[in-house]
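*Asks:* The following block contains the structure, expressed as structure tokens.
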Amino acid sequence: MTIKQHFTYLKFTIILIATFGKLSAQVITIPIETSSKAVVLQVGADKQLRTIYMGQKLADSKEYESISNEYKQTEDHAGLLNSAYTPSGARNLVEPAITVTHTDGNQSLDLRYVSHEVKTVSEGVSLLTVTLQDNVYNFYVTLCYKSYNKNDVIEQWSIIRHNEKSSVTLQKFASANLHIKGNGFWLKQFHGDWAKEMQPEESKLTHGIKTIDSKLGTRANLFMPSVFAISMGSPAHEDEGSVLLGGLEWSGNFKVDFEVDNQDNLRLIAGMNNYASAYKLKAGDEFATPPLVYTLSNQGTGYASRNLQSWARNFKILEGKGNRLTLLNNWEATYFDFNEQKLGELLKDTRKLGVDLFLLDDGWFGNNYPRNGDNAGLGDWQENRKKLPNGIASIARQAAADGVKFGIWIEPEMVNPKSNLYKNHPDWVVKQPKRDEYYFRNQLALDLSNPKVQDFVYHIVDSLFIKAPSLAYIKWDCNAVIYNAYSVYLKSEQSNFYVEYVRGLYKVLQKIRAKYPTVPIMLCSGGGGRVDYGALQYFTEFWPSDNTDPMERIFIQWNYSYFYPAIATSAHVTDWGKQPIKFRTDVAMMGKLGFDIVLDKLSSSDMQFCQQAVVNYNSIKEVIWHGDQYRLRSPYEHNMASMMYVDEAKTSAVIFNYLVNNRYGESSRLPVKLKGLDPQKRYRIEEVNVYPGTRTSINSNFQLSGDFLMNVGINPDVNAQRTSVILKIVQVK
Ligand code: GLA
């Protein structure tokens, strides 16, 4: 807020006091506005900071002052239900955002408003900071609200510090404490496991607390991610209803509490999980929590997703506005069984297929303990001399000679007990000194809270680039959760471990990005075990799931699309599933395309199809990567799924259509209504990715207006003979 605006609010407050006689002179209203939404904070006469509004932006911002008068709900009893950051141990009666044990052992906290300021970060991006202070202790919290005007997105976090005599223990330390008024709340959350990521569940929140959380340490999203949707009033639909989409930007343990309080409002408290994590904070040090990112929509989840995706492309994901590389991966084609000759053939296949890059997956390293399976070698990042006698430099050179780029798989945070690393550095391994080891995929995590381990991990990446400067891509995997959390390095401060692990990881990634700012790196965690915006600022894309059965992927990718854009969503054609190659490829083309199949096993027409598909993908990838996404027909509600991407100028679009249920001869009986086009413009529709030897039933000579396409729609003619259909739409000038 500018100084002028600030005084306007103050002035208005004083007028209100005169009018209603209810408010005292110290009331300060602080609106955080984006293009169509507002979150409004208010400082009461008691100096408490409260959230008084989250919803549509009002035309006259002075009217925010009057909002609270219109709510006649039951007693609050502590005056803190809508605290903007609920402290505990004093008069609070509900779930706190922060709990501390002061140096003297006292556990009370009462945070009072001190000051606030608004800064412009860049065009359309502002940062409001509000400083709160305990009225007895030298203890401070700064609440940060970064607002992205165009996308109606807010990132919210807190910074905690103190000047007490010695360390304070932070028992709980949320990033954000939202307060939403509404007539009933519905939570859409996601759960899963390996190869079953992002399965949605929706339920009405009842009084009390519903929590989604992770205690897994690494691969933290294996059972559930922190992303969620909250509908207000009734469950939101694609194009209608009030909804908030959010998620924590943190790659470790998280906790999101949804508390319906005694006034029937929703208190949402999100942050790093405080499970086994009471954090010792030294005097003078700052404890910054990770942002909770969220967007509000009163036009359903579709609008909210487009805002979040656009925000991610423009502000968060590395190279979100840039390009991506199509690739051929050897994981499912060879698993651990390959040698130089085999890789030479795969490089030639990469070229033949027409994709940009060959990605060498797991199995290329380890000598004393060769990586011939998932039970040995992790940690020993030297080329296996039998498989690659001339090293990766030679493969990279050969790739260049074949006219393709070269990328490589690593899993640098992990170690197999069968490795030199484990033998040489037992103190770098996360394990309990006096307890039996317990493994996830035969491996343990390295202790990234230790700066020496951070250096080790950094040098794994750095030395790959030094050996093979033309290295163009990395797949960074993380296959295990953390059991028996214990760090030799942290000594008596064990409860800082889960937090320091992730901070250590981010330090390594920052150092890598300082030297290699744009090289594409895929975020993988045995599939989608670690997809979040904390990590994605260092990664160009993520691997949603090891499940590449295209029928399952339609659903998995559908659910990721609520929160993440297609440019970041890697999708590979594999041999999973029973569907023909066309169906598998069409599904993978909805995201960032790759292949992981044995090309010489393909029939000549399958091969011809794949080659043409790469050419077609290159002609539509711009709109998939950078366009707006519309979920037209949900596979959960229909016998077919339709997903559309439209460019900003509304001159071109692409629509993916799939039959997801073939019982009783199902087909696309009704036309699919398109979205996001210009009603005035005329478009030509053409089917692409038509399998060799078959003919399309779509007449591409036909022109239709955007008006027609959006109100009547178009029938992609999906049926048992045409189970997947991609339509390209181009404006006719
Ligand atoms: C994980 C990844 C796979 C593959 C294997 C290699 O499971 O998700 O894509 O890289 O590791 O071991």
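*Asks:* Only one of these is open to solvent by less than 10 Å² (accessible area, probe 1.4 Å), closer than 19 Å to ILE209 by Cβ, in contact (Cβ under 8 Å) with a residue 40 or more places away in the chain and among the small types (Gly, Ala, Ser): GLY252, GLY271. Name it. Give the derivation first.
*Replies:* Values: GLY252 fails: closer than 19 Å to ILE209 by Cβ.
Residue meeting the stated conditions: GLY271.
*Asks:* Any residue in the stretch 56-69 that is in a loop (DSSP other than H, G, I, E, B), out of contact with any strand residue (DSSP E or B) (no Cβ under 9 Å at 6 or more places or on another chain), over 26 Å from TYR279 (Cβ atoms) and modelled with pLDDT of 95 or more? Break it down stepwise before answering.
*Replies:* Start the filter on the stretch 56-69 by keeping residues that are in a loop (DSSP other than H, G, I, E, B), which leaves 57-60.
This time we only want the ones that are out of contact with any strand residue (DSSP E or B) (no Cβ under 9 Å at 6 or more places or on another chain), so: 59-60.
Okay, now just the ones that are also over 26 Å from TYR279 (Cβ atoms), so 59-60.
Those still in the list that are modelled with pLDDT of 95 or more too: 59-60.
Yes, there is a match, as at least one residue in the stretch 56-69 is in a loop (DSSP other than H, G, I, E, B), out of contact with any strand residue (DSSP E or B) (no Cβ under 9 Å at 6 or more places or on another chain), over 26 Å from TYR279 (Cβ atoms) and modelled with pLDDT of 95 or more.
*Asks:* Let me ask something additional. Out of LYS165, LYS188, LYS150, report the one residue that is at pLDDT 95 or above, outside any strand (DSSP E or B) and more than 30 Å from ALA283 (Cβ to Cβ).
*Replies:* Numbers: LYS165 fails: more than 30 Å from ALA283 (Cβ to Cβ); LYS188 fails: outside any strand (DSSP E or B).
The unique qualifying residue is LYS150.
*Asks:* Select, from SER419, SER487, the only residue that is over 27 Å from the mean Cα position of the chain (by Cα), within 16 Å of the ligand (Cβ to nearest atom), over 25 Å from LYS348 (Cβ atoms) and among the small types (Gly, Ala, Ser). If you could, list the steps in order and put the result at the bottom.
*Replies:* Details: SER487 fails: within 16 Å of the ligand (Cβ to nearest atom).
Exactly one of SER419, SER487 is over 27 Å from the mean Cα position of the chain (by Cα), within 16 Å of the ligand (Cβ to nearest atom), over 25 Å from LYS348 (Cβ atoms) and among the small types (Gly, Ala, Ser), namely SER419.
*Asks:* Further question on the same structure: Which of the residues belonging to the stretch 81-91 are surrounded by 21 or more Cβ atoms within 10 Å (Cβ to Cβ) and in a loop (DSSP other than H, G, I, E, B)? Reasoning before the result, please.
*Replies:* Restricting attention to the stretch 81-91, the residues satisfying the condition of being surrounded by 21 or more Cβ atoms within 10 Å (Cβ to Cβ) are 81-88.
Once the filter is applied, which keeps residues that are surrounded by 21 or more Cβ atoms within 10 Å (Cβ to Cβ) and in a loop (DSSP other than H, G, I, E, B), the stretch 81-91 yields LEU81, ASN82, ALA84, TYR85, THR86, SER88.
*Asks:* If THR350 passes every condition in (1) away from the ligand (no atom under 16 Å from the Cβ); (2) surrounded by fewer than 20 Cβ atoms within 10 Å (Cβ to Cβ) but one, which one does it miss?
*Replies:* Unmet for THR350, out of (1) away from the ligand (no atom under 16 Å from the Cβ); (2) surrounded by fewer than 20 Cβ atoms within 10 Å (Cβ to Cβ): (2).
*Asks:* Okay, moving on. Which of the residues belonging to the stretch 148-206 are aromatic (Phe, Trp, Tyr) and within 16 Å of the ligand (Cβ to nearest atom)? Steps first, answer last, please.
*Replies:* Looking only at the stretch 148-206, we keep the residues that are aromatic (Phe, Trp, Tyr), and these are 148, 157, 173, 185-186, 190, 194.
Result: TRP194, single match.
*Asks:* Working only within the stretch 430-443, note down all residues that are closer than 30 Å to ALA393 by Cβ and either surrounded by 23 or more Cβ atoms within 10 Å (Cβ to Cβ) or at pLDDT below 95 (or both).
*Replies:* GLN443
*Asks:* Name every residue in the stretch 316-347 that is within 13 Å of the ligand (Cβ to nearest atom) and in contact with a helix residue (DSSP H, G or I) (Cβ under 9 Å, 6 or more places away or on another chain), in order of residue number.
*Replies:* Initially, the stretch 316-347 is screened for residues within 13 Å of the ligand (Cβ to nearest atom), giving 327, 329-338.
Answer for the stretch 316-347, where residues must be within 13 Å of the ligand (Cβ to nearest atom) and in contact with a helix residue (DSSP H, G or I) (Cβ under 9 Å, 6 or more places away or on another chain): LEU327, ASN330, ALA333, THR334, PHE338.
*Asks:* Anything in the stretch 274-285 that is closer than 30 Å to GLY184 by Cα and either open to solvent by less than 50 Å² (accessible area, probe 1.4 Å) or within 21 Å of the chain's Cα centre (by Cα) (or both)? List them, or say none. Show your work before the answer.
*Replies:* Keep residues of the stretch 274-285 that are closer than 30 Å to GLY184 by Cα, which gives 274-275.
Once the filter is applied, which keeps residues that are closer than 30 Å to GLY184 by Cα and either open to solvent by less than 50 Å² (accessible area, probe 1.4 Å) or within 21 Å of the chain's Cα centre (by Cα) (or both), the stretch 274-285 yields only ASN274.
*Asks:* Another question about this same structure. I'd like the full set of residues that are at positive phi and either open to solvent by less than 10 Å² (accessible area, probe 1.4 Å) or out of contact with any helix residue (DSSP H, G or I) (no Cβ under 6 Å at 6 or more places or on another chain) (or both), limited to the stretch 353-365. Step through it out loud before you land on a result.
*Replies:* So the first thing to find is which residues in the stretch 353-365 are at positive phi, and the list is 354, 363.
Scanning the stretch 353-365 gives a single hit, GLY363.
*Asks:* GLN56: outside the structural domain of SER242 (by TED's automatic domain parsing), touching a Ser or Thr at 6+ places or on another chain (Cβ under 9 Å), open to solvent by 50 Å² or more (accessible area, probe 1.4 Å) and in contact (Cβ under 8 Å) with a residue 60 or more places away in the chain, yes or no?
*Replies:* Working: outside the structural domain of SER242 (by TED's automatic domain parsing): yes; touching a Ser or Thr at 6+ places or on another chain (Cβ under 9 Å): yes; open to solvent by 50 Å² or more (accessible area, probe 1.4 Å): yes; in contact (Cβ under 8 Å) with a residue 60 or more places away in the chain: yes.
So GLN56 passes the test.
*Asks:* What are the pairs, 6+ residues apart or on separate chains, where a residue within the stretch 469-497 that is without any contact (Cβ under 8 Å) to a residue 40 or more places away in the chain has its Cβ under 9 Å from a residue that is in a loop (DSSP other than H, G, I, E, B) and open to solvent by less than 10 Å² (accessible area, probe 1.4 Å)?
*Replies:* GLN494/SER487
*Asks:* Okay, moving on. Could you tell me which residue of the stretch 518-529 is farthest from the ligand (Cβ to nearest atom), considering only residues that are part of a loop (DSSP other than H, G, I, E, B) and open to solvent by less than 10 Å² (accessible area, probe 1.4 Å)? Talk me through it step by step, then tell me what you get.
*Replies:* Step one: of the stretch 518-529, the residues part of a loop (DSSP other than H, G, I, E, B) are 518-520, 524, 526-527, 529.
Filter once more, keeping what is open to solvent by less than 10 Å² (accessible area, probe 1.4 Å): 524, 526-527, 529.
Working: CYS524: 5, GLY526: 4, GLY527: 5, GLY529: 8 Å.
Step by step, filter the stretch 518-529, then rank; the result is GLY529.
*Asks:* Test of understanding: among GLU687, GLU637, which residue is of a type in the set (D, E, K, R), surrounded by 16 or more Cβ atoms within 10 Å (Cβ to Cβ) and on the phi < 0 side of the Ramachandran plot? Lay out the reasoning, then the answer.
*Replies:* Numbers: GLU637 fails: surrounded by 16 or more Cβ atoms within 10 Å (Cβ to Cβ).
Step by step, each of GLU687, GLU637 is checked, and only GLU687 is of a type in the set (D, E, K, R), surrounded by 16 or more Cβ atoms within 10 Å (Cβ to Cβ) and on the phi < 0 side of the Ramachandran plot.
*Asks:* Tell me, which residue of the stretch 371-391 that is within 14 Å of the ligand (Cβ to nearest atom) and aliphatic (A, V, I, L, M) is surrounded by the fewest Cβ atoms within 10 Å (Cβ to Cβ)?
*Replies:* Checking each candidate, the answer is ALA376.
*Asks:* Do you know which residues across the stretch 444-465 are buried (at least 16 other Cβ atoms within 10 Å of the Cβ) and touching a Phe, Trp or Tyr at 6+ places or on another chain (Cβ under 9 Å)? Steps first, answer last, please.
*Replies:* To start, the set of residues in the stretch 444-465 that are buried (at least 16 other Cβ atoms within 10 Å of the Cβ) comprises 444-450, 453-454, 456-458, 460-461, 464.
Those that are buried (at least 16 other Cβ atoms within 10 Å of the Cβ) and touching a Phe, Trp or Tyr at 6+ places or on another chain (Cβ under 9 Å): LEU444, ALA445, LEU446, ASP447, LEU448, SER449, ASN450, VAL453, PHE456, ILE460, VAL461, LEU464.
*Asks:* Taking the conditions exactly as written (in a loop (DSSP other than H, G, I, E, B), surrounded by fewer than 17 Cβ atoms within 10 Å (Cβ to Cβ), within 16 Å of the ligand (Cβ to nearest atom) and not hydroxyl-bearing (Ser, Thr, Tyr)), does ASN368 satisfy them or not?
*Replies:* Numbers: in a loop (DSSP other than H, G, I, E, B): yes; surrounded by fewer than 17 Cβ atoms within 10 Å (Cβ to Cβ): yes; within 16 Å of the ligand (Cβ to nearest atom): no; not hydroxyl-bearing (Ser, Thr, Tyr): yes.
No.
*Asks:* Looking only at residues that are among the aromatic types (Phe, Trp, Tyr) and open to solvent by 30 Å² or more (accessible area, probe 1.4 Å) in the stretch 115-173, which one is farthest from PRO291 (Cα to Cα)? Before the answer, list the steps.
*Replies:* Quick first cut of the stretch 115-173, residues among the aromatic types (Phe, Trp, Tyr) only: 137, 139-140, 145, 148, 157, 173.
Now narrow it down to the ones that are open to solvent by 30 Å² or more (accessible area, probe 1.4 Å): 137, 140, 157.
Details: TYR137: 26, TYR140: 18, TRP157: 5 Å.
Out of the qualifying residues, it is TYR137.
*Asks:* With ASN330, ASN314, ASN307 as the choices, which residue is surrounded by fewer than 21 Cβ atoms within 10 Å (Cβ to Cβ) and polar (S, T, N, Q)? Show your work before the answer.
*Replies:* Values: ASN330 fails: surrounded by fewer than 21 Cβ atoms within 10 Å (Cβ to Cβ); ASN307 fails: surrounded by fewer than 21 Cβ atoms within 10 Å (Cβ to Cβ).
The unique qualifying residue is ASN314.
*Asks:* Applying the selection to the stretch 392-429, what residues are open to solvent by 20 Å² or more (accessible area, probe 1.4 Å), closer than 14 Å to ARG371 by Cβ and in a loop (DSSP other than H, G, I, E, B)?
*Replies:* Within the stretch 392-429, PRO417, LYS418 meet the criteria.
*Asks:* Filter the stretch 539-567 for residues that are hydroxyl-bearing (Ser, Thr, Tyr) and part of a loop (DSSP other than H, G, I, E, B); which is farthest from TRP311 (Cα to Cα)? Even if it seems obvious, please write down each step before you answer.
*Replies:* First, pick out the residues of the stretch 539-567 that are hydroxyl-bearing (Ser, Thr, Tyr): 540, 545, 548, 560-562, 564.
If we keep only those that are part of a loop (DSSP other than H, G, I, E, B) too, we end up with 540, 545, 548, 561-562, 564.
Numbers: THR540: 15, SER545: 23, THR548: 27, SER561: 13, TYR562: 13, TYR564: 10 Å.
Here the residue is THR548.
*Asks:* Search the stretch 640-654 for residues being surrounded by 21 or more Cβ atoms within 10 Å (Cβ to Cβ) and of a type in the set (Val, Ile, Thr), and hand back the single one that is farthest from the chain's Cα centre (by Cα). Explain how you work it out, then say what you get.
*Replies:* Residues of the stretch 640-654 surrounded by 21 or more Cβ atoms within 10 Å (Cβ to Cβ): 640-646, 653-654.
In the following step, the residues that additionally are of a type in the set (Val, Ile, Thr) were identified as 646, 654.
On the way: VAL646: 22, VAL654: 24 Å.
Restricting to residues being surrounded by 21 or more Cβ atoms within 10 Å (Cβ to Cβ) and of a type in the set (Val, Ile, Thr), the top hit is VAL654.
*Asks:* Please pick out the residue among LEU359, LEU343 that is in contact (Cβ under 8 Å) with a residue 60 or more places away in the chain and in the same structural domain as ASN618 (by TED's automatic domain parsing). Walk me through how you get there before you give the answer.
*Replies:* Working: LEU343 fails: in contact (Cβ under 8 Å) with a residue 60 or more places away in the chain.
Of the residues listed, the single one that is in contact (Cβ under 8 Å) with a residue 60 or more places away in the chain and in the same structural domain as ASN618 (by TED's automatic domain parsing) is LEU359.
*Asks:* Something else: Answer yes or no as to whether TYR538 is at pLDDT 95 or above and either surrounded by fewer than 17 Cβ atoms within 10 Å (Cβ to Cβ) or assigned by TED's automatic domain parsing to the domain that holds ASP356 (or both).
*Replies:* Values: at pLDDT 95 or above: yes; either surrounded by fewer than 17 Cβ atoms within 10 Å (Cβ to Cβ) or assigned by TED's automatic domain parsing to the domain that holds ASP356 (or both): yes.
Yes; evaluated as a whole, the condition is true for this residue.
The values are calculated or read from the model by the stated rules, or taken from the named source; none is laboratory data. As the structure is a prediction and not an experimental result, all values here were calculated from the model. When we count neighbours, we look across all protein chains shown, and the Cβ atoms used for this are built from the backbone with ideal geometry, even at glycine. The accessibility values were calculated without ligands, DNA or RNA, using every heavy atom of the protein model including side chains. Shrake-Rupley method; radii C 1.70, N 1.55, O 1.52, S 1.80 Å.
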